[in-house]
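Novice: Starting off with a structure, shown below.
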Amino acid sequence: MKRIFGIGGAIVLFCVLFAATAAAGPRRWVIVMPWQPQAQFAGIYYAKEAGIFSKHGLDIEIRHNPQGTPVVENLTSGNAQFIVAPLAAMLVERSRGVPVVNLCQVNQTGNILLVAARGGGILQPADLNKPGLGGKPLRFAIWNTDSGTLPLLFLRQQGVDGVSPSPGSGVEPFLWGAADVVSVMEYNEYYQLLAAGYDPGELTVFRLRDHQLNIPEDGVYTLEKTAVANPAVCAALRDAVMEGWREALRNPERALKFVRLQVEREGGRCDPALQLWMFNVFGRSLELDTPQAGTLAPETCESAVRIFRRNKLITGIVDCRTFCFPPSRPAGGEK
């Protein structure tokens with residue numbers, strides 16, 4: 001039998017089911033961040049600590065994913081109902097048959113960079129496919145996490161083959177001279193390079209968004225069965241996350257206080273300068289002043305699918321109509 005309606009049609013069908021579930025009492029929902037506590041997730045922390053989740057009728061528990069473990073496993077194992085994850089990685093998972101659904105596209109602009117020292121002779125993308133100083137092959141330090149998908153794709157497009165993700169995920173190999181090129185986030189590790197003493201003029205920076213790979217990172221995801229069975233919860237979560245970010249950016253001091261609380265609860269150490277840089281740079285990539293804020297545009301999804309299919313990163317079917325949860329309707333709009 002053909003499937004005659006997608007997630008959008010199922011929302012109406014399951015509203016009665018959701019109402020019955022809600023009447024039985026509140027449920028705690030778990031959302032997992034893909035990394036350790038940091039300002040990259042400031043809007044979600046703000047939504048929790050400032051009572052925004054509660055205002056939207058949600059009891060949310062925030063967790064953080066263990067390093068080196070694919071965050072999607074929290075969904076498939078049943079440990080969580082929601083995750084924050086990079087779009088690129090989730091498109092790959094969807095093509096493999098994992099029925100993940102994008103509920104909310106948090107940021108709209110890609111932040112991934114590849115960085116090299118200009119003194120090493122790397123000045124343009126073509127130089128990435130040439131030997132380094134002394135005629136030795138260039139050494140690459142590329143994330144072995146979900147975020148490593150796009151840097152490896154960029155290198156492949158430059159004709160650099162055979163690069164494998166690195167065991168670590170930081171900038172130390174680059175700082176120690178053990179790597180010539182390193183993958184970084186503009187809101188995170190790039191700051192660490194500057195804080196370590198590099199002047200921006202000493203670095204060659206390849207922003208993937210400037211090379212036909214402007215694929216945004218963080219989105220909120222769930223499994224399709226959760227989106228179908230709990231559409232009102234999913235819509236409320238998206239609204240609360242984006243409200244959390246809007247309020248966080250209006251109240252940066254309070255937002256960074258909530259970030260510090262999360263870091264300390266996990267037993268970590270908080271670098272205020274790094275967290276402020278991260279908060280500001282990542283916050284700009286949300287593009288909250290645009291109509292697209294909070295949603296994954298179909299053309300963005302379809303463009304990424306075409307790029308990945310052309311480069312054989314995905315071979316299975318990815319239908320953006322079912323991958324994207326329907327956007328919230330504006331108040332007073334059409335029903």
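The values are calculated or read from the model by the stated rules, or taken from the named source; none is laboratory data. This is a predicted model, so every value here is computed, not measured. When we count neighbours, we look across all protein chains shown, and the Cβ atoms used for this are built from the backbone with ideal geometry, even at glycine.
Novice: Would you check if there is a residue in the stretch 109-116 being at pLDDT 95 or above, touching a helix residue (DSSP H, G or I) at 6+ places or on another chain (Cβ under 8 Å), part of a strand (DSSP E or B) and polar (S, T, N, Q)?
Specialist: No, every residue in the stretch 109-116 fails to be at pLDDT 95 or above, touching a helix residue (DSSP H, G or I) at 6+ places or on another chain (Cβ under 8 Å), part of a strand (DSSP E or B) and polar (S, T, N, Q).
Novice: Given the structure, is Leu274 touching an Asp or Glu at 6+ places or on another chain (Cβ under 9 Å), surrounded by fewer than 22 Cβ atoms within 10 Å (Cβ to Cβ) and part of a helix (DSSP H, G or I)?
Specialist: It is false that Leu274 is touching an Asp or Glu at 6+ places or on another chain (Cβ under 9 Å), surrounded by fewer than 22 Cβ atoms within 10 Å (Cβ to Cβ) and part of a helix (DSSP H, G or I).
Novice: Within the stretch 132-184, can you find the residues that are under 26 Å from the mean Cα position of the chain (by Cα) and among the aromatic types (Phe, Trp, Tyr)?
Specialist: Phe140, Trp143, Phe154, Phe174
Novice: Another question about this same structure. Name the residue, out of Val98, Val84, that is in the same structural domain as Val32 (by TED's automatic domain parsing), in contact with a strand residue (DSSP E or B) (Cβ under 9 Å, 6 or more places away or on another chain) and part of a loop (DSSP other than H, G, I, E, B).
Specialist: Val98
Novice: Here is a further query. Could you check the stretch 49-83 and list, in sequence order, the residues that are of a type outside the set (A, V, I, L, M), touching a residue at least 40 places away in the same chain (Cβ under 8 Å) and closer than 18 Å to Ala236 by Cβ?
Specialist: Across the stretch 49-83, the qualifying residues are Glu49, Phe53, Lys55, His56, Gly57, Gln81, Phe82.
Novice: Quick test of your reading of the structure: Ala88 fulfils all but one of (1) among the aliphatic types (A, V, I, L, M); (2) at pLDDT below 95; (3) more than 29 Å from Leu152 (Cα to Cα). Name the failing condition by number.
Specialist: (3)
Novice: So in the stretch 285-328, with the set limited to residues that are assigned to a loop (DSSP other than H, G, I, E, B) and in contact with a Gly (Cβ under 7 Å, 6 or more places away or on another chain), which one is nearest to Arg209 (Cα to Cα)?
Specialist: Leu296
Novice: As an exercise: evaluate Leu213 against (1) over 20 Å from Gly121 (Cβ atoms); (2) touching a residue at least 12 places away in the same chain (Cβ under 8 Å); (3) not in a loop (DSSP other than H, G, I, E, B) and give the number of the one condition it does not meet.
Specialist: Just one mismatch for Leu213, condition (3).
Novice: Kindly indicate whether Gly294 is touching a Leu at 6+ places or on another chain (Cβ under 9 Å) and at positive phi.
Specialist: Answer is yes for this residue.
Novice: Just to be sure before I move on: is Leu261 surrounded by fewer than 20 Cβ atoms within 10 Å (Cβ to Cβ) and closer than 17 Å to Trp35 by Cα in the structure I sent?
Specialist: Judged against the criteria, Leu261 is a match.
Let's see how each residue does on (1) touching a Cys at 6+ places or on another chain (Cβ under 7 Å); (2) of a type in the set (Ser, Thr, Tyr); (3) farther than 21 Å from Asn311 by Cβ:
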| site | (1), (2), (3) |
| --- | --- |
| Ile142 | no, no, no |
| Leu150 | no, no, no |
| Ser166 | no, yes, no |
| Leu175 | no, no, yes |
| Val182 | no, no, yes |
| Tyr187 | no, yes, yes |
| Ala196 | no, no, yes |
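Novice: Only residues that are small (Gly, Ala, Ser) and either closer than 19 Å to Gln67 by Cα or touching a residue at least 24 places away in the same chain (Cβ under 8 Å) (or both): list them for the stretch 139-174, please.
Specialist: Matches in the stretch 139-174: Ala141, Ser147, Gly148, Gly159, Ser164, Ser166, Gly168, Ser169, Gly170.
Novice: So is Glu202 surrounded by fewer than 20 Cβ atoms within 10 Å (Cβ to Cβ), touching a residue at least 12 places away in the same chain (Cβ under 8 Å), in the same structural domain as Pro131 (by TED's automatic domain parsing) and not aliphatic (A, V, I, L, M) or not?
Specialist: yes
Novice: If you don't mind, there's one more thing I want to ask. If Gln157 meets every condition in (1) out of contact with any strand residue (DSSP E or B) (no Cβ under 7 Å at 6 or more places or on another chain); (2) more than 16 Å from Ile112 (Cα to Cα) apart from one, which number is that one?
Specialist: Answer for Gln157: the failing condition is (2).
Novice: Hey, another quick one. Condition check: part of a loop (DSSP other than H, G, I, E, B) and either surrounded by 14 or more Cβ atoms within 10 Å (Cβ to Cβ) or modelled with pLDDT of 95 or more (or both). Does Thr21 satisfy that?
Specialist: Considered against the rule, which asks whether it is part of a loop (DSSP other than H, G, I, E, B) and either surrounded by 14 or more Cβ atoms within 10 Å (Cβ to Cβ) or modelled with pLDDT of 95 or more (or both), Thr21 comes out as no.
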